[in-house]
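First the structure, in the form of structure tokens, and then the observations on it.
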Amino acid sequence: MRGGGLCVIAAIVLLSGCTTTAPESRAEPTPAPTASIRLPTTQPLAFRSPIRAIFQDSRRRYWIGSDKEGVTRLDAAGFTTFTQVEGLPSNQIRSIQEDADGAIWVGTGHGVARIDGDRVTAFPIAIDAPATAAGPLDNGILWFGAGFHHGAQHRSGDGVAYVPLPPPPPGGSPGVTAITHGKDGSLWIASYGAVYRHDADSGFSELDGLAPGLMSGGELHIRSILADSRGTLWIGNNGLGVLRFDGATTTDFTRDMGLMAPGGVRDGGPSPQGTLEHVFAIEEDQAGDIWFGDRDTGVWRYDGQAVHHYGVAEGLPTNSVWDIHTDRDGNVLVALDGGVVRRFVEGRFVGVFGVGALVSPRRGAE
């Protein structure tokens, strides 16, 4: 791609585990939770690098992925942190998903990891292995980027398979930046320079018609993508803002809403407040509103008619947004620079996790 305070009491429990780089047998379904997590919590979040991904699983546990410090899980016992020490391919977390058996799959900068309980199984990027041929793919399959390789990875049985994408456009950088699934079963994968749709008959093809949103240098720099519940595809760019694809044509949402910087330079440089030009996150809430996270100017919400802005004056400690997630209770959670997560409540953003490394987090496997 998310209050009374009930304090979560941290229990220090040492859990043994195993780290491997080979596929293992399918685990038994994860048992039902014994206690749910409610926000806010007084537990400290020890990360200091930007938060790149937030996810709430079917057991209502929260998973928070950082840019440099791995991923941490918040359950009734407190935080449990997983890093390369526990078996992750990389400490840079790019995506977090859950499979039908309740295991968590984490996309990193150098491969994929499955976390089942406290057991980590790593799947490094294998571009030299036989690639999966284009063809019918189960809509329930989990998809991931493949670092700076111009391809994607997807779960295949108990493993992970690599799929190359069509060549990037001239000047376009390789590397998948975002993935989204449409309500109609469609799969969209964004790279820095293009958007690709998967078709069961022909595989991946590039989405045409993005020229209305080219930046000043004539290229794209896509960082986020969302297929919403109405069938609209939202494309966030690092420099030109938001493009909107309705299934037939692409329009320049940032320009149409009057949110371009004066002069319309439209590049990767900093943008002034009041603009929507560096969009690193897009999310839809339970009411159908679309949320945008900007690198320079905070959070924006589109209710179908108007765009509403939220920044430092509305409770954000910084205007640099990396991810937005709507949890199962309808909370809109925003991930920010400096290891910070905030929750939207009645027009303001309030604290979710305590700030500061007051205690050392448990490790997933010692």
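Rule-based calculations on the coordinates, nothing more; no lab input. What you see is a predicted model, and the numbers here were worked out from it, not measured in a lab. Note that we place each Cβ from the backbone using ideal geometry, even for glycine, and neighbour counts take in every protein chain shown.
Quick look at the values:
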read-out	value
Farthest positive-ward along region 196-271 dipole, Cα basis, beta-carbon charges - from LEU226, PRO262, SER205	PRO262
Cβ-based net charge around PRO317, under 12 Å, with every Lys or Arg adding one and every Asp or Glu removing one	-1
In order through region 298-311: 3J(HN,Hα) via Karplus (6.51 cos²θ - 1.76 cosθ + 1.60), integer Hz, x for Gly, Pro	x, 10, 10, 10, 10, 9, x, 10, 10, 10, 10, 10, 9, x
Region 213-298, dipole about Cα centre (Lys/Arg Cβ +1, Asp/Glu Cβ -1), debye to the nearest 20	200 debye
Three-way shape label, region 47-98, alpha-carbon gyration tensor, a/c 1.5	prolate
Distance from region 191-212 to region 322-351 (C-alpha centre basis), Å	31 Å
At 1.002 mPa s and 20 °C, Stokes D of region 230-294 from Kirkwood alpha-carbon radius, µm² per second	176 µm²/s
